[in-house]
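Below is one structure, written out as structure tokens; comments come after it.
The values are calculated or read from the model by the stated rules, or taken from the named source; none is laboratory data. Nothing here was measured: the structure is a model prediction, and the numbers come from that model. Note that each Cβ is placed from the backbone with ideal geometry, even for glycine, and that neighbours are counted across all protein chains shown.
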Amino acid sequence: MGAKTALYQEHLNLGAKIVDFAGWDMPLHYGSQVEEHYKVRGEAGMFDVSHMTFVDLNGPRVREFLRYLLANNVDRLQTYGRALYTCMLNEQGGVVDDLIVYFLDEEHFRLVVNAGTHDKDMAWIERHAAAYDVTVNEITDVALLAIQGPDARHKVHHLLSDVQREKAQALVPFNAVETEGFFISRTGYTGEDGYEVMIPQDQAVDFWRRLHKAGVHPVGLGARDTLRLEAGMDLYSAEMDEETSPLEAGLKWTVAWEPLERDFIGRKALEPQYNATPARKLVGLILDDRGVLRSHQRVILDGEVVGKVTSGSFSPTLGKAIAFARVPFDVGERVLVEMRGKQLPARVVKPPFVRHGKACFE
């Protein structure tokens with residue numbers, strides 16, 4: 001038996017197929033992963049992501065600490081509620097985890113990190129926070145619901161108080177506001193607009209039920225994965241890990257090199273790579289033949305194994321199998337992917353595969 005979120009019984013009531021995910025009992029789907037995927041792309045879907053790790057950092061030197069801990073530069077966060085996507089790196093330039101950091105005030109920042117890396121993340125943060133006298137507090141009495149899709153914000157607005165609604169409507173992407181006990185962030189992991197709403201655990205069931213009654217469809221981990229893959233979003237432990245730098249994971253844009261005097265963990269290891277032509281890169285693949293691309297499948301070029309699929313699945317929006325793969329930097333427009341003893345041709349493309357709900361490729 002794994003850990004359970006405050007919404008676990010709701011998932012059972014809705015007929016969810018429960019699976020283990022990073023030590024949590026989580027819904028894979030509620031009957032049809034494909035239907036759930038389409039609901040998010042076309043209307044609105046809701047995810048229970050309460051298994052994520054939420055950490056508040058406090059202290060007079062907290063900004064200084066985060067300038068050192070994170071590869072992206074928190075000096076970009078100057079207004080209340082502003083959010084930034086970034087990686088924590090190790091000394092070798094590998095990715096300890098990817099996360100979102102929020103600025104609340106000069107002595108208070110909030111991190112949202114992955115569930116599967118909870119223990120090592122907390123140890124890593126606490127280890128480095130000590131030198132800056134930063135207090136590290138994990139928030140454990142909240143639930144997090146992600147409501148995503150073209151109708152998501154509109155449906156959420158109808159369930160908020162007048163004050164909450166006014167503040168939520170004013171949010172632009174990658175900004176958040178805390179109001180009347182709700183922490184509402186205009187972020188997500190699907191490529192669609194929407195909110196991630198952090199609420200007290202004892203209010204989670206009521207809010208979930210009201211969302212469902214308003215026509216927001218529950219969505220499990222299965223569709224969450226196909227949605228993020230279509231949107232060209234990396235997954236920790238697949239596209240990146242402690243042996244893979246953000247430069248090799250297609251995340252060069254998340255490394256802030258200016259100002260030059262800012263030191264951050266992993267900078268010295270990354271500097272020689274930054275302006276050099278990398279040996280390998282992350283690309284998108286589209287399979288035009290029948291079949292499903294899966295992680296660890298081998299990528300073949302000129303009769304040799306040159307790479308592997310890091311994430312793959314069937315794309316409901318494209319109606320084809322798609323994947324991320326790590327391949328040589330100079331790879332061309334076509335490769336072969338080995339599956340079940342066969343080598344099938346695949347197109348090499350630049351993600352995302354879907355933007356604003358529309359297919360980028362035929």
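See the values below:
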{"quantity": "Breaking point among (1) under 20 Å from residue 194 (Cα atoms); (2) buried (at least 23 other Cβ atoms within 10 Å of the Cβ); (3) touching an Asp or Glu at 6+ places or on another chain (Cβ under 7 Å), for residue 62", "calculated": "(1)"}
{"quantity": "Filter result for residue 43 (in contact with a Gly (Cβ under 8 Å, 6 or more places away or on another chain), surrounded by 15 or more Cβ atoms within 10 Å (Cβ to Cβ) and more than 24 Å from residue 236 (Cα to Cα))", "calculated": "yes"}
{"quantity": "Within the range 192-216, tally of residues that are in a strand (DSSP E or B) and buried (at least 20 other Cβ atoms within 10 Å of the Cβ)", "calculated": "6"}
{"quantity": "Whichever residue in the range 282-300 is modelled with pLDDT under 95 and surrounded by 14 or more Cβ atoms within 10 Å (Cβ to Cβ) and, among such residues, is farthest from residue 93 (Cα to Cα)", "calculated": "291"}
{"quantity": "Residue list for the range 74-94, filter: crowded, with 18+ Cβ neighbours inside 10 Å, under 18 Å from residue 173 (Cα atoms) and within 19 Å of the chain's Cα centre (by Cα)", "calculated": "74, 81, 83, 84, 86"}
{"quantity": "Where residue 1 falls short, out of the listed (1) under 23 Å from residue 114 (Cα atoms); (2) at pLDDT 95 or above", "calculated": "(2)"}
{"quantity": "Total residues in the range 334-359, condition buried (at least 16 other Cβ atoms within 10 Å of the Cβ), more than 13 Å from residue 321 (Cα to Cα) and over 28 Å from the mean Cα position of the chain (by Cα)", "calculated": "1"}
{"quantity": "Check on residue 183, modelled with pLDDT of 95 or more, of a type outside the set (Lys, Arg), within 21 Å of residue 12 (Cβ to Cβ) and not in a loop (DSSP other than H, G, I, E, B)", "calculated": "no"}
{"quantity": "Hits in the range 252-266 - residues which are surrounded by 12 or more Cβ atoms within 10 Å (Cβ to Cβ) and either touching a residue at least 60 places away in the same chain (Cβ under 8 Å) or within 22 Å of the chain's Cα centre (by Cα) (or both)", "calculated": "252, 254, 255, 256, 262, 264, 265, 266"}
